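Here the structure is laid out as structure tokens; the discussion comes afterwards.
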Amino acid sequence: MTMTRQIQIDVGELLSITVGRQIAFGEKVSRDSEASWDSLKHVELIFMLEERFGMQFSEEEMTEMRSLAEIVRAIEEKRAA
């Protein structure tokens, strides 16, 4: 399994917890498409991501992570740095 795929799976699991429904692998999910993904849920998700992946996100990074794909990309970029 590739690292990107594992990150996608992990982020999908955490996002499922956050929005209160199962997110299918490869599903396109964003804050705009999920009514339950409000600002409070976003902060909760960020804390879970930071704990799961052992990294910290800046305020700017947090505001840019508005979809599952953007979150995966941000994690990959931090790991590569």
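The table below lists the values:
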quantity: Assigned charges on the beta-carbon of Lys, Arg, Asp, Glu; the chain dipole about Cα centre (debye); calculated: 300 debye
quantity: Difference of contour (0.36 nm per residue) and Cα-Cα distance, residue 80 to residue 64; calculated: 3.9 nm
quantity: The chain, helix-only ellipticity at 222 nm - DSSP H runs n ≥ 4, -39,500 (n - 2.57), divided by all residues, nearest 500; calculated: -20000 deg cm²/dmol
quantity: Gained length - residue 22 relative to residue 47, 0.36 nm times residue gap less alpha-carbon distance; calculated: 7.1 nm
quantity: Shape category assigned to the chain from the gyration tensor of Cα positions, a/c cut at 1.5; calculated: oblate
quantity: Rounded to whole Hz, the Karplus (6.51, -1.76, 1.60) HN-Hα couplings of the range 41-50, x for glycine and proline; calculated: 5, 5, 5, 4, 4, 4, 4, 5, 4, 4
quantity: Contact order normalised by residue count of the range 1-77, Cα under 8 Å, 6+ apart, percent; calculated: 37 percent
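Throughout, read-outs are computed from the coordinates displayed, never taken from laboratory work. On a predicted model such as this, the values are computed, not experimentally measured, just so you know. Positions of Cβ are backbone-derived with ideal geometry, glycine not excepted, and every protein chain shown enters the neighbour counts.
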